[in-house]
Every structure is written in C-alpha cells, then in structure tokens.
Amino acid sequence: MSKPVKGFSKLTKEEKISWLSEHYFNDKEKGIDVLKKYWNKDERLQQLHDEFIENTISNYYLPLGIAPNFLINDKLYTIPMAIEESSVVAAASRAAKFWMDRGGFKTEVIATEKIGQVHFRYEGDPEKLQQFFTKIKPALFASLEDLTANMRKRGGGITGISLVDKTDALDYYYQLHCTFETLDAMGANFINSCLERLADVLQKEADNHRDFNDTERDIEVVMSILSNYVPNCRVRAEVRCPISSLNEDPELTPASFAKKFVQAVKIAQVEPYRAVTHNKGIMNGIDAVVLATGNDFRAVEAGIHAYAARDGQYRSLSHAEIDGDDFVFSLEIPLALGTVGGLTNLHPLVKLSLEILDFPKATELMQIVAVAGLAQNFAAVRSLVTTGIQKGHMKMHLLNILNQLEATPEEKEHFTSLFQDKVVTHRDVTQAVEDYRKNKA
Ligand code: MEV
C-alpha cells in the first residue's frame, strides 16, 4: 500500500519515477527501464510531451496507421489513424477500396453551431427575470467584443444568447443558452472564456437591477461551460451503389447480401445491446482519425453517444436501405472538431496527419471523420453478415499472439503463412508454436 504524497507535482521527473518504483514496482530496475525506453531521445520533443500534462513520467505510444484510397466527394484522401486495435486500419483500407470502385463517399456538413451554457440559480419572479434578460442582452453581447474580435474578423463569434427556464426540471434552475460559430477551431477555450465573461456580467447587472428585490438580485452562477453535445454541428456521409455490384460473398447473391446487411443495421436500430457494439465499430474509425488529428475524442464520444440516444433509446448511428435497385448506407453524427489551435499546432505527428489530409478546414475534417466511421461500420457489418468477425479480426491479431510468444522473425513468417487459410485462435497458435519449437529442438 502506498502512502499519501504531498507536493508530488513539484518533484522532478526522476524523483517521481523513484517514488513510483519504490511504492509500486516489484522489479524496480525493470520498471524504470521500461518507462525510460519510451522517452524520446530528442530532448525538446520529450519536453513538449512532458508539458502536455502534469506528472508526465513517460510516453504512451499508439500506432499511427494509414488508410489510403478514400474517395470523398471525388477527392482522394489517405487517412491517418491512431489506434491499437489490430484489424481497424486494414478494415478501413478494404472498405475505402471497395467504395472507391463504386463512386466513393458523398458527404455534407449540415450545420456548424457550437453550444455553451451559463447555469444559474434565481429565486424570484420568472417574468421579472425575463424582463431583466431582455434589458441586459445588448450588454451581454457588448461585453464579449474584445474576446470575439478575432473570431468575428473571420466570420465567426457568438451567434445567440437565450434565457431558458429549467425550473420544471430543477427548482430555481435557469440558464443562458449560447450558440457560437468557431470556424476551424474546436472552440472550447473560446466558448468557455465567453461564458465566464457572460456569467460575470449577468451577476453584476443583477446586482444593480432596480426592479429586483434582494433575493432576486442574488443570482447565483453555478457554472459556465461549453456543451459537448452539438446536435446542430452535424455531418452526414453516404455510400450508394447498384445492388448488383455488391459481389461480396460467394455464398450470398448480391441481393441477399444487401437484404441481410440492411436487416443487421435495422437490428442495431431497435436493439440497444446490438446498437452499442454497432456504434463501437463506428467509433473505431472515428476515434482513430480524431486522435491522429489531435482532437478531443472524449468530447466526440460523449456527444455522439448522446445523439444516438436522442429519442430516449440508444440506437444505431447508421442507416441502411434498399432504394429501388440501389443499396444505400449512411451515417449522420454531431462532431465538434478543430484544425487550428490545441494540439494541432503543437504535436508534430498531428501536424503531419493534417498535412497528409491536405490541411483540411474543420468542416472538411468533419466529413473525413464521418467517412472513416461509415467505412469502419461497413467493414464490420459486412464481415458479421458473411464470414463472421473472427476470421479477419484474428488474422490481424495473429501477430499480437506471436509477439506475446516472443516469436522470431522466421517464426512469424512461418506461422503467418501456416494460418493463412485457418481460423486463428489463441490456443491453436500457442499449441502450433510449442510443437514447432519442440520439433526444432
Ligand atoms: C470490434 O472492435 C467492433 C465490432 O464489434 C463492431 C460491430 O460489431 O459492428 C466488430
């Protein structure tokens, strides 16, 4: 059991590691060695990573992979993906190639509105609060002029402030519900700064408002924060092709494949247990691109899952249908992304990922990310309704198993070829490796 520690953040990195190894590592030398192996030799680069967060002791690598051949609105992209799951990049690449040969992905940004709220408590006459709000609204906007000047120059800024009475849901609870256009920035810092300013002005104006009694004057701001739920910052991606060109499985006709695929997506529409896993497959693609481009995948995840449950039941984010002779598969999701600010100007791999994408605007990145989600979902559902997921998944996982067994390069080559046409299981691979090594000895 470790003891509580005081002033930990003030210790040097070496001191933090010593403390950690003292309290937690069975083999102290080995633990320290592992941490240091992941330090970057380039001291400036290491310092950059050290300073991203507090108490950095090492770096945590994820592979950065590349999925080429994504044709989106007739432009060809190579998509960078940061992810550890073996089959994701392979599946994305296969789906990209499949749809490139069938006209590619079509996408559309539906809206780009961001949201922030000042949550406050007011114990008084709602009518008087409404009159007060109407009176101070110009002052609220005016108070943001300096903060929004740069954003306004580029066509963004705050687009609306409304007073919302939430007392039906919670006693004395009101909010200033604010909408923003943050252009190529994700906008979290910008929005939060604006909200905190609005909160100040709200309280000061209330203090001086003659029509309020003492209790009414005492508006209590509980918190001011952006919302990661952005249903009006939304993007849609779609693929469509004649059913006859869905030659996916030798054992299914294209029409049966299309029918089974549509049925699988409908199941995810009505069955939450399936919907969560279905959407997890979509997030495999989305998170990987969001992470590679230095965006906040927790915000994206939270917002997308809330959207999936917007009518009270958690449902599939994607839709599939047969439209005449066509198979149509689409995805619509809320996404708040940035291509400037935050990590995008700092992390060298993020900068490079954005360069690979030809320095997209935030709206273009929204479309690329949605496509990555749709492609991933297509690949997963296609496998599920044909071969089953394990065949492809475990094939990609084979190298992980071989690495766990500390296979030599020669053994890796041998077993990759041996399992080429077999279903890979952990047990079978372990057994095969043991036998092979015994025979060799
Ligand atoms: C695995 O990471 C993702 C899948 O489970 C998605 C799905 O079931 O649709 C294969």
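The values are calculated or read from the model by the stated rules, or taken from the named source; none is laboratory data. For clarity, every value in this text was computed on a predicted model and none was experimentally measured. Calculation scope for accessible area: heavy atoms of the full protein, side chains included, ligands and nucleic acids excluded. Shrake-Rupley method; radii C 1.70, N 1.55, O 1.52, S 1.80 Å.
In whole Hz, what ³J(HN,Hα) sequence does the stretch 54-70 give by Karplus (6.51, -1.76, 1.60; θ = phi - 60°), x for Gly and Pro?
8, 6, 5, 10, 6, 10, 10, 7, 10, x, 9, x, 10, 10, x, 6, 8
Using a 1.4 Å probe on the protein heavy atoms only, what accessible surface does residue 99 show? Give it in Å² to the nearest 10.
Using a 1.4 Å probe on the heavy atoms, I get roughly 0 Å².
Tabulate in residue order the Karplus-calculated ³J(HN,Hα) for the stretch 274-283, using 6.51 cos²θ - 1.76 cosθ + 1.60 with θ = phi - 60°, rounded to whole Hz; enter x for Gly and Pro.
Karplus-based 3J(HN,Hα) across the stretch 274-283 equals 6, 4, 5, 6, 4, 5, 4, x, 5, 5 Hz.
Going by Cα centres, the stretch 184-249 and the stretch 371-429 are how many Å apart?
Result: 43 Å between the Cα centres.
What figure, in Å² to the nearest 10, do you get for the accessible area of residue 314 with a 1.4 Å probe and non-protein molecules left out?
Surface open to solvent at residue 314 totals about 40 Å².
When only the heavy atoms of the protein chains count and the probe is 1.4 Å, how do 38, 436, 61 rank by accessible area, highest first?
So, going from the largest accessible area down, we get 61, 38, 436.
Please work out the average accessible area per residue across the chain, using the 1.4 Å probe convention, and give it in Å².
The answer is 53 Å² per residue.
Sort 426, 397, 278 from largest to smallest accessible area, using a 1.4 Å probe on the heavy atoms of the protein chains.
So, going from the largest accessible area down, we get 426, 397, 278.
Ignoring ligands, DNA and RNA, please state the percent of accessible area on the stretch 160-278 from carbon and sulfur, probe 1.4 Å.
Summing carbon and sulfur atoms, their accessible area is 49 percent of the total for the stretch 160-278.
Comparing 298, 210, 152, which has the greatest mean-square fluctuation in the GNM of the chain with Cα pairs linked when under 10 Å apart?
Answer for the Gaussian network model of the chain: 210.
Any chance you could look up the accessible area of residue 70 with a 1.4 Å probe, heavy atoms only, rounded to 10 Å²?
Residue 70 exposes around 0 Å² with every protein chain in place.
Reachable aspartates and glutamates from residue 6, Cα under 20 Å, same-chain residues fewer than 8 places away excluded?
In chain and number order, the partners are 14, 15, 22, 54.
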